[in-house]
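These notes are about the structure you will find just below.
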Amino acid sequence: MSKALLNRQHLVTRPLSRVCATGDHRRGLILGIGMVEGEALERQGRRLAEGIREFVGQQR
């Protein structure tokens, strides 16, 4: 998903916990937006949501 968000939405996403680390059998999605505030936070949140919906739709 991180690669898809980078390629399609130009959003940089990184794992925020060990749950997302390579080699860990657990799967999960932990989201956070850092260094963004005010109106930019709302705008970036919408972009992130759009990217996730697009990615999930392609997986079906």
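The values are calculated or read from the model by the stated rules, or taken from the named source; none is laboratory data. This one's a predicted model, so the numbers in the text were calculated from it and none came from an experiment. All Cβ positions, glycine included, derive from the backbone under ideal geometry; neighbour counts span all protein chains shown. Ligands, DNA and RNA are stripped out before the accessible areas are found, and what is left, the full protein with its side chains, is counted by its heavy atoms. Shrake-Rupley method; radii C 1.70, N 1.55, O 1.52, S 1.80 Å.
Quick notes on this structure:
- Residue within segment 17-28 that is surrounded by 10 or more Cβ atoms within 10 Å (Cβ to Cβ), modelled with pLDDT of 65 or more and under 15 Å from the mean Cα position of the chain (by Cα) present: no
- Residues in segment 34-56 that are closer than 18 Å to Leu6 by Cβ and either part of a loop (DSSP other than H, G, I, E, B) or without any contact (Cβ under 8 Å) to a residue 40 or more places away in the chain (or both): Gly34, Met35, Val36, Arg43, Gln44, Gly45, Arg46, Arg47, Ala49, Arg53, Val56.
- Residues (within 13 Å of Arg8 (Cα to Cα) and either open to solvent by less than 70 Å² (accessible area, probe 1.4 Å) or modelled with pLDDT under 90 (or both)) located in segment 38-57: Arg47, Leu48, Ala49, Gly51, Ile52, Glu54, Phe55
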